[in-house]
Amino acid sequence: SKLAALFEHPLYNIPVPEVTEKDKLFVINPMEKFSLHSSRSDEWVSSSKAETLLPTGKTAYDTYPAWLKFHVGINRYELYPRRDPLMPSLLQDLATQRIVSSVQKSGGTQLKLIMTFPNYGQALFKPMKQTRDQETPIDFFYFSDFERHNAEIAAFHLDRILDFRRIPPVSGRLVNITKEIRDITTDKKLAKTFFISPAGNVCFYGECSYYCSTEHALCGKPDRLEGSMATLLPDKTLAKRRSWRSPWRRSYHKSKKAEWELNPNYCAQVRETPPYNRGHRLLDLIDMTILDFLMGNMDRHHYETFEKFGNDTFLLHLDNGRGFGTHSRDEPSILAPLWQCCSIKKSTYLRLQLLATQPYRLSDLLREALATDPLAPVLAEPHLRALDRRLGKVLAAVGHCLAG
């Protein structure tokens, strides 16, 4: 396995700083057990009282479901560890756990559902809107593009291969619209949007600001629908997140350009503006830029951080559905922060060089990672080949900076 060999490589074994109590997102009571008091209850109940004795040699932590262990493991330096023993069970749960509730997620431009499992874990479901080989039409603006379920799955694995580990785990899943959405939803607005198409398929369209109409309905075959299931981060009431507007945000206007597109010295003013004037925030943003360029995502207007860790922490790479829309052309403007600032983390640069070598070719690694997903093949081959071409362009941009 090329993937196993990659994770054994010294560049993927650089130690993370020691994690102290204040570096953890949650400090938990080691005596606190996870217990499901009743199947009708709406939330899990933690209990410090010795109602049930734990099996010998087991700790309270062992009673936690995978999603809760994932939440408890988040720290200042990483969303999850490189060799995360939880990952297989977390992805398995997303793909197979029984869905007990489906409601529409509010906000956003396109339809997304929040699905709940019997162990109180939750996932964000993005339904399939187009086939894997459909490219975004060249006359489409980036902000009118569909979100793609397979892009969410591929982005998670790509982020892990780059060793960023800043995207919550995502798995593909085939969902039964009738049994796993329509029959169990408590969302009255969503419930009103189900219908049977002329072809006899079960369809629905939900309520949102774009693409929620009968013309853009999501239809099963006859009621089976592909989608991505992304692990939800801890509720914002428990772990506040701060949203930051990207300095290289696009104008989201058909004719206006953003300042960074007009000012070649734009990076100089970013470097003087908090939080980019100290620490590694700008370098983290350039990491995110590289991820976006590799997948062709032009839609990165904001990013988030956990408020508890202040400025000294990683950026969350959320919402990647507009990646992998085109393989036949590249969008050099995505890389503007890299070539305007001429800065990159040494560790990122060394890993990118490694991923351009034959034994660790990026397209081979992502193909191998995606082969285990329930919806494999997740990406059409031309998208995988485009990754190697784009990686060459990132390295050329760094080379240009070094030569300058």
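The values are calculated or read from the model by the stated rules, or taken from the named source; none is laboratory data. Remember, it's a predicted structure, so these values are computed and weren't measured experimentally. Glycine gets a Cβ as well: all are built from the backbone with ideal geometry, and neighbour counts include every protein chain shown. Surface areas here come from the heavy atoms of the whole protein model, side chains and all, with no ligands, DNA or RNA. Shrake-Rupley method; radii C 1.70, N 1.55, O 1.52, S 1.80 Å.
Remarks
- Among residues of segment 198-218 that are over 14 Å from GLN104 (Cα atoms) and assigned to a loop (DSSP other than H, G, I, E, B), those with a Cβ under 8 angstrom from a residue that is open to solvent by 80 Å² or more (accessible area, probe 1.4 Å) and of a type outside the set (Gly, Ala, Ser), sequence gap 6+ or separate chain, pair up as ASN201/LYS221.
- The one condition in (1) open to solvent by less than 70 Å² (accessible area, probe 1.4 Å); (2) in contact with a Ser or Thr (Cβ under 8 Å, 6 or more places away or on another chain); (3) among the basic types (Lys, Arg) that ARG281 fails to fulfil: (2)
- The helices (runs of 4 or more DSSP H) falling completely within segment 335-404 that include 1 or more residues that are open to solvent by 60 Å² or more (accessible area, probe 1.4 Å) and not charged (D, E, K, R) map to 336-341, 346-355, 381-403.
- Residues of segment 193-225 satisfying the condition of being open to solvent by 40 Å² or more (accessible area, probe 1.4 Å) and among the acidic types (Asp, Glu): GLU207, GLU215
- Residue pairs meeting the criteria (Cβ under 7 Å; at least 6 apart or on separate chains; first of a type outside the set (D, E, K, R), in segment 345-356; second modelled with pLDDT under 95 and open to solvent by 50 Å² or more (accessible area, probe 1.4 Å)): SER347/ILE14
- Checking GLY321 against (1) more than 29 Å from LEU225 (Cβ to Cβ); (2) touching a residue at least 12 places away in the same chain (Cβ under 8 Å), the condition it does not meet: (1)
- Checking segment 274-292 against the condition returns no match, with no residue being at pLDDT below 95 and among the hydrophobic types (A, V, I, L, M, F, W, C).
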